[in-house]
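The values are calculated or read from the model by the stated rules, or taken from the named source; none is laboratory data. Please read these numbers as outputs of a predicted model, since none were measured by experiment. No Cβ is skipped: glycine too gets one built from the backbone with ideal geometry, and neighbour counts run over all protein chains shown.
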Amino acid sequence: MTLWAKTNGLPPAPAPGVTLLGEVITWTCSGVSLPHAALIAALREAGLDEAVARELAPRHAFARACKKLSDERIIRQVAEDAETIRFQFTQESRHGDRFTYDFEALLSLDKKTGRVACGHPALAARAQDELDHCIADAYSHGPHPEVTRAVQKRQDTHEEEILAADELGRAVLRLRREKERLLDVVWLATSPQQVKELWARVSELLGDEPTPLERAALAIAAAAPNG
């Protein structure tokens, strides 16, 4: 079975006699601003893993927003729980050769929705605006990395399902498994007999069937100890 990947236009038609078992189609929306909450909702509705949407989660976007909010103030995280992060804003001012520091406000950030709460209305409005801008700006310059990861994860799953439905595809999966465990094969091939026996027993207990290369490595006679 042949797999095609073409990012601009349609893939070529399958060769004569080749059965097309499935397709994975993706696209980008360059220039479109997308709030983080809308991204999470879109991933959920599409059946994609929301957990991959981490790179531009509100807490990380807020860290970038703080760079713009930190003029003449110091921002420090003071608390965090499962739902929110709290920050203290401290006003910094200079008088002659001395700096003075005055408590300004406490700000709470909802880690899921990206909403800001603060007893200082003007500061809350500016913080929310900067946070929304950081998220939207990052989503307006090409493919979203977390969406790409979600699609790739789903694509990998479907690809394995497609490969498993065909004899040649199953052979590809077996080769991939051999590649993933190649270091184990080298280690087994050079290990003492006691280690090989222990490895085989543990694999049997776990129900982990050795690959052909692993079986070959187990069959190699251990080198006799020097001396």
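Per-residue answers, yes or no, for (1) part of a helix (DSSP H, G or I); (2) at pLDDT 85 or above; (3) within 30 Å of Glu92 (Cβ to Cβ):
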residue: Glu104; (1), (2), (3): no, yes, yes
residue: Leu109; (1), (2), (3): no, yes, yes
residue: Glu161; (1), (2), (3): yes, no, no
residue: Ala171; (1), (2), (3): yes, yes, no
residue: Lys179; (1), (2), (3): yes, yes, no
residue: Leu188; (1), (2), (3): yes, yes, no
residue: Gln194; (1), (2), (3): yes, yes, no
residue: Trp199; (1), (2), (3): yes, yes, no
residue: Pro210; (1), (2), (3): no, yes, no
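Criterion first (loosely packed, with under 13 Cβ neighbours inside 10 Å, part of a helix (DSSP H, G or I), among the hydrophobic types (A, V, I, L, M, F, W, C) and at pLDDT below 85) does Ala41 satisfy it?
Working: loosely packed, with under 13 Cβ neighbours inside 10 Å: yes; part of a helix (DSSP H, G or I): yes; among the hydrophobic types (A, V, I, L, M, F, W, C): yes; at pLDDT below 85: yes.
So Ala41 fits the description; yes.
Does Pro16 fit the bill of being farther than 16 Å from Leu123 by Cβ, in a loop (DSSP other than H, G, I, E, B) and at pLDDT 75 or above? Show your work before the answer.
Numbers: farther than 16 Å from Leu123 by Cβ: yes; in a loop (DSSP other than H, G, I, E, B): yes; at pLDDT 75 or above: yes.
When the stated conditions are applied, Pro16 passes them.
Between Arg215, Arg154, which is at pLDDT 85 or above and among the charged types (D, E, K, R)?
Details: Arg154 fails: at pLDDT 85 or above.
So the residue among Arg215, Arg154 that is at pLDDT 85 or above and among the charged types (D, E, K, R) is Arg215.
Read through the list (1) among the small types (Gly, Ala, Ser); (2) at pLDDT below 75; (3) touching a Cys at 6+ places or on another chain (Cβ under 8 Å), then give the number of the only condition that Ala124 fails.
Against the list (1) among the small types (Gly, Ala, Ser); (2) at pLDDT below 75; (3) touching a Cys at 6+ places or on another chain (Cβ under 8 Å), Ala124 comes up short only on (2).
For Ala117, are the conditions met, namely being over 20 Å from Arg64 (Cβ atoms), free of Cβ contacts under 8 Å to residues at least 40 places away in the same chain and aliphatic (A, V, I, L, M)? Explain how you work it out, then say what you get.
Numbers: over 20 Å from Arg64 (Cβ atoms): no; free of Cβ contacts under 8 Å to residues at least 40 places away in the same chain: yes; aliphatic (A, V, I, L, M): yes.
In short, no.
Looking at this structure, is Thr90 assigned to a strand (DSSP E or B) and either aliphatic (A, V, I, L, M) or touching a Lys or Arg at 6+ places or on another chain (Cβ under 7 Å) (or both)?
Working: assigned to a strand (DSSP E or B): yes; either aliphatic (A, V, I, L, M) or touching a Lys or Arg at 6+ places or on another chain (Cβ under 7 Å) (or both): yes.
Yes: the conditions hold for Thr90.
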